[in-house]
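K.L.:
Structure in structure tokens, see below.
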Amino acid sequence: MEFLSESFPRLALNAPSKSSSHLLRWVMSLGGIGLFGIAVIDSSIIPIELPGSTDLLLLLLSAYRSSSKAAAASFVGWAFAGSVLGGYFTWAAGKKGGEATIEKLGRGRFAHRAAAWTKRNGMLSVGIAALLPPPVPLLPFVLAAGALGLTRIRFLVSYCLARLTRYSFIGWLGYSYGRRVIILWQKEMKGWTTPVVSIFVVLITSGTAYGLWKFFRERRKNG
């Protein structure tokens, strides 16, 4: 419980177990580097079904690990850098795969609608998808931007402005009001700390392993 009393001094939890304490210690101790890694994965084609994971971790770190505005800004920087790197790789994958990439996306009509909207609106479609929180999906728009020929400069300008705006707001929110928001959330989620954190860790680990497996499998096919 020492970790919880240090990192979450005002948080009233329902006596979580030692395993929960260790999981929380591990997730939060990753700090900026961990936030960077999760942001890369969250914005890439690695299929982690945990939308908003970067937002959540940034909110927590800004609220509980930021002793100053500069510290909160550094977490925003880590999240921004990781998201830009992951987003750029996704755009590049779309560019390399061409319009066939859009076909691989599509279960139902949404992927084709996203592609059509991206074709008509270009930078605007990428900017809106990168700015808005879940459930607005990012992947179809970024892949479509690469597949449909949106240039690197136009993509990066739109994507970077949107992500910087989004993460700056979350960092400010976490630093200014995060503890109060999270305390309220914890009261509502009382008793669910261990399952939520466990699922978070399992999804990150499984998604990373699957992404690496898929990467090396495609490499062998092409090799």
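The values are calculated or read from the model by the stated rules, or taken from the named source; none is laboratory data. In this text, all values refer to a predicted model and were calculated from it rather than measured experimentally. FYI the Cβ positions are ideal-geometry reconstructions off the backbone, even for glycines, and counts take in every protein chain you see.
K.L.:
Looking at this structure, is residue 162 under 18 Å from the mean Cα position of the chain (by Cα) and either at pLDDT 90 or above or not in a helix (DSSP H, G or I) (or both)?
P.N.:
So residue 162 fits the description; yes.
K.L.:
Among the residues of the stretch 128-166, write down those that are in contact (Cβ under 8 Å) with a residue 12 or more places away in the chain and among the β-branched types (Val, Ile, Thr).
P.N.:
The answer is 128, 142, 157, 165.
K.L.:
Same structure, new question: Tell me which residues, restricted to the stretch 132-149, are touching a helix residue (DSSP H, G or I) at 6+ places or on another chain (Cβ under 7 Å), closer than 13 Å to residue 91 by Cβ and not in a helix (DSSP H, G or I).
P.N.:
Scanning the stretch 132-149 gives 138, 148.
K.L.:
Would you mind finding the one in 43, 67, 62 that is modelled with pLDDT of 85 or more, within 21 Å of residue 183 (Cα to Cα) and not basic (Lys, Arg)?
P.N.:
The conditions single out 62.
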